[in-house]
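**Q** Could you have a look at this structure, given as structure tokens, before my questions?
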Amino acid sequence: MDTASIKEELVDIFEDVMDADDVELTDETTANDVEEWDSLSHVRLIIAIERKYGIKFSNAEIEGLKKFGDIITLIQTKAG
Amino acid sequence: MFDLSSGKLPWLVPATADFRATLKALIAAPGPVPAQDLVALAAQDLDLNKLTSLDKAVGKLAGRIDGPALSPLKLALLAQATTDYIAPAIRASALRHGLQVETYVPAYGQAMAEVMDPGSPLRGFGAEMALIAETPQSLGLTRSFIDAASGAAAVASATATLTALVEGLQGAGIKTVILQTLPLPADPWAGQYDRRAKGALAAQIAAVNDAMVDLCDSHAAVLFDAEALSALVGRANWHDAGLWHRAKVPFALDYVPLYAEKFAQVLRALRGKASKCLVLDLDNTCWGGIIGDDGLEGIEIGQGSAQGEAFLAIQNYALSLKERGVVLAVCSKNEEANGKLPFEQHPDMALKLDDIAVFVANWTDKASNIQHIAKVLNIGTDALVFLDDNPAERARVRMELPMVGVPEVGDDPSLYPAMLAQGGYFETVGLSADDAQRAEQYRANAQRAVAMETIGNYDDYLRSLDMACTIAPFDAVGRTRTAQLINKSNQFNLTTRRYTEAEVAAMQDDPACHTLQVRLTDKFGDNGMISVVILRKDAEPDAWVFDTWLMSCRVLKRRVEEATLATVVEAARAAGIGKLYGDYLPSPKNGMVEDHYGKLGFEKLGPIGDGGTRWVLEVAGYDAPDLPMTLAVQTPVSA
């Protein structure tokens, strides 16, 4: 899967999970940059991504996610 | 497809694509928001993110929600796990059932401390209901033992903790305590031998769940069977060890909507708002084919074809609901004679005409007919569930009568019983002997209506009924039904005060209370217990005040209230009481009893509270009326 289409899908998921619109997301965006992105919504975000791509992340993988770009890379690795 | 393991709620309509935009528009528009709109939004199949968004939106709309469609409920959530996902989902799902829930959650691990501390924020919150949602870990059930005795010790300790919590909450004045069972583990300990190993963790958890059932019986608490839910979706799906380690979330987040919906169904039942009547379409709902076109020989019902068996299963499911007091009605677009034909002549029909309390088959639109059914049965449209294979009819009824439960059953009749069952419309928190008779009573009422048409004079009619009224103080046998009436009666209810079964039990022995349960039989059948009265000693020494006076609308205009008052006056005279005070406290539903005391000869003293009135009757000046029934009064041991 190419980065652009994953990113597009992730923006939709992100808005749905965070209940927020027009969030600027770049590879470098972290939870600190988005008000609604806290530890609680992060868990829901991970679950929503797992469901969307039919994959399951380990806790070690989840702990390694620091910025938005990491999520895209991990999806590409897991979903092929 | 009916796949609960996906976490979806297939009996609800799918969520609209613009769900979040709709919420935003609601918040942005100025002025009041009809509560009914929120109920309709919540009636969709919402995933966790949408439930969370809806809950957030309701928070932002505080103070602007308007209308009688939502009633408030304060709930304490005592969960030994993260409640951050469950609490918003419960609040949002409860909207679906007409409840606006406010929750209080003690700090993590502080539940027991807050229950025991009289000055705690939990005590200050004023919860009406509390959910105890422990986990095996929090109850010390963490490992399997080779010896049964060690397992039994762990079970005893866990049970003691639960008992202390229930008694602590009840002691703190929280009337309704709900105990959540513990889901069994998905993974074995010793493998296939586990079922036989008394010390296995699974055996300990099962034993604690059994102890919860006993606690519910002994403490009039309520069970919420999360273990059954985990089995429903599959325990391997339910448990998510990673999520537990990472965030102390007690089960896979995909099932939060299902969990919250099932829990909201229990809250609805506890509030006495569960549905009472199943309204059935006929063609392609009760049998395959169209009776008007295909004729008696052409319709599919009964053994011999897959379709015929599926429709038979629907009929048998309807009968199983009738067995526990759900009233059955028919609403079909048909000639009446055609609609009745299979009931009368088809040998494979499980449903007979006698099972149907109200039979409406005509060409009028179904929404009007459903309203007519509610009126004949004397129940609200919110007590009806409408089963119809036709999506257009379902959509129309949903639009015209949003309070009617309309499961989105799809087009495979094999799934209809599961849709109705999982939809939880007829959820109950207790079954009494009277439940079994209720459907029969509604049907008999319809016969009485016909009898009256032929007799004409109302007093003659009442005498022709051969009514026998039995009045007794509260007792253990009637307690479940007494509590049920107290919590369900809305219309003929002077004060709408709700009491739990435990409180009802306490009144039985309270010397300051004079209680009455009223039963009525007539030549058409036994109506069971139909009225409950609670009198309390007033501050004034020779006076009693009616704390509660309610009656089932099934026996309206039968002069039962006059028989009740005559009995009360007699008891008052025997106890040296000179005055009876009665209050009318208005609610959205009890307008019919506004002048109840006036009609009985009480004198109006003046207004009280929000539109209420206080009335008085001088016992000395009361003459008992001549009543068209025999009256048997059982006097209390002490009054």
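**Q** With the convex hull built on the Cα atoms of segment B:70-270, state its orientation-averaged projected area in nm². Mind dumping the intermediate values first?
**A** Working: hull surface 43.2 nm².
Dividing the Cα hull surface by four gives the mean projection, 10.8 nm².
**Q** Here is a follow-up. For segment B:323-358 and segment B:241-255, what is the centre-to-centre distance using only Cα atoms, to the nearest Å?
**A** Cα centroid to Cα centroid, the span is 48 Å.
**Q** Scaled to the compact-protein estimate 2.2 N^0.38 Å, what is the alpha-carbon radius of gyration of chain B, rounded to two decimal places?
**A** 1.03
**Q** Let me have the 222 nm mean residue ellipticity of chain B computed from DSSP H runs of 4+ only, each contributing -39500 (n - 2.57), with the sum over all residues rounded to the nearest 500. List each step's numbers first, then the result.
**A** Numbers: 24 runs with 262 residues, N = 639.
Taken over chain B, the calculation gives -12500 deg cm²/dmol.
**Q** Moving on. Rounded, prolate or oblate: pick one for segment B:498-639, where a ≥ b ≥ c are the square roots of the eigenvalues of its C-alpha gyration tensor, a/c under 1.5 means rounded, and failing that, prolate if a/b is larger than b/c, else oblate.
**A** Values: a/c = 1.24, a/b = 1.12, b/c = 1.10.
Rounded is the answer for segment B:498-639, as its axis ratio a/c remains below 1.5.
**Q** Let me ask something additional. Evaluate peptide A:10-20: per residue, the Cβ atoms of other protein chains within 10 Å of its Cβ; return the mean as an integer.
**A** Numbers: counts 0, 0, 0, 1, 0, 2, 7, 4, 3, 11, 2.
Counting other chains' Cβ atoms within 10 Å and averaging over A:10-20 gives 3.
**Q** Tell me which residues come under 5 Å, amide H to amide H, from B:Ile530 once H is placed; ignore anything under 5 positions away on its chain.
**A** B:Val518, B:Arg519, B:Leu520
**Q** Using the Karplus curve 6.51 cos²θ - 1.76 cosθ + 1.60 with θ = phi - 60°, work out ³J(HN,Hα) for each residue of segment A:4-12 in order, rounded to whole Hz, and write x for Gly and Pro.
**A** Residue by residue, segment A:4-12 yields 5, 6, 4, 4, 4, 5, 5, 4, 4 Hz.
**Q** Using a 1.4 Å probe on the protein heavy atoms only, what accessible surface does B:Cys553 show? Give it in Å² to the nearest 10.
**A** Its heavy atoms expose roughly 20 Å² to the probe.
**Q** Given R₀ = 35 Å, what would the calculated FRET efficiency be for B:Asp542 paired with B:Asp459, taking r from the Cβ atoms and rounding to 0.05?
**A** Values: r = 35 Å, r/R0 = 1.00.
Result of the calculation: an efficiency of 0.50.
**Q** If DNA, RNA and ligands are ignored and the probe is 1.4 Å, what is the ranking of B:Val477, B:Val33 by accessible area, most exposed first?
**A** B:Val477, B:Val33
**Q** Convex hull over the Cα atoms of the protein assembly as shown, averaged projected area in nm²?
**A** Working: hull surface 148.6 nm².
With the hull built on Cα positions only, its mean projection is 37.1 nm².
**Q** Checking the table B:Lys262/B:Lys352; B:Lys375/B:Lys488; B:Lys24/B:Lys74; B:Lys322/B:Lys375; B:Lys8/B:Lys175 against a 22 Å threshold on Cα-Cα, which pairs fail?
**A** Details: B:Lys262/B:Lys352 32 Å; B:Lys375/B:Lys488 18 Å; B:Lys24/B:Lys74 26 Å; B:Lys322/B:Lys375 19 Å; B:Lys8/B:Lys175 33 Å.
Beyond 22 Å between Cα atoms: B:Lys262/B:Lys352; B:Lys24/B:Lys74; B:Lys8/B:Lys175.
**Q** Another question, if that's okay. Once you wrap a convex hull around the alpha carbon atoms of chain A, what is its projected area averaged over all directions, in nm²?
**A** Details: hull surface 18.7 nm².
Reported value for the Cα convex hull: 4.7 nm².
**Q** Can you give the accessible area of B:Arg448 in Å² (nearest 10), computed on protein heavy atoms with a 1.4 Å probe?
**A** Solvent-accessible area, nearest 10 Å²: 10 Å².
**Q** In sequence order, what are the phi-derived ³J(HN,Hα) couplings for segment B:626-631 according to the Karplus relation 6.51 cos²θ - 1.76 cosθ + 1.60 with θ = phi - 60°, rounded to whole Hz, with x for glycine and proline?
**A** With the stated coefficients, segment B:626-631 comes to 7, 10, x, 7, 8, 10 Hz.
**Q** For B:Arg573, what accessible surface area do you get with a 1.4 Å probe? Give it in Å², rounded to 10.
**A** 120
The values are calculated or read from the model by the stated rules, or taken from the named source; none is laboratory data. Small disclaimer: the values here were computed from a predicted structure and weren't measured. Every residue, glycine among them, receives a Cβ derived from its backbone with ideal geometry; neighbour counts consider all protein chains shown. All accessible areas refer to the heavy atoms of the entire protein, side chains included, with ligands and DNA or RNA removed. Shrake-Rupley method; radii C 1.70, N 1.55, O 1.52, S 1.80 Å.
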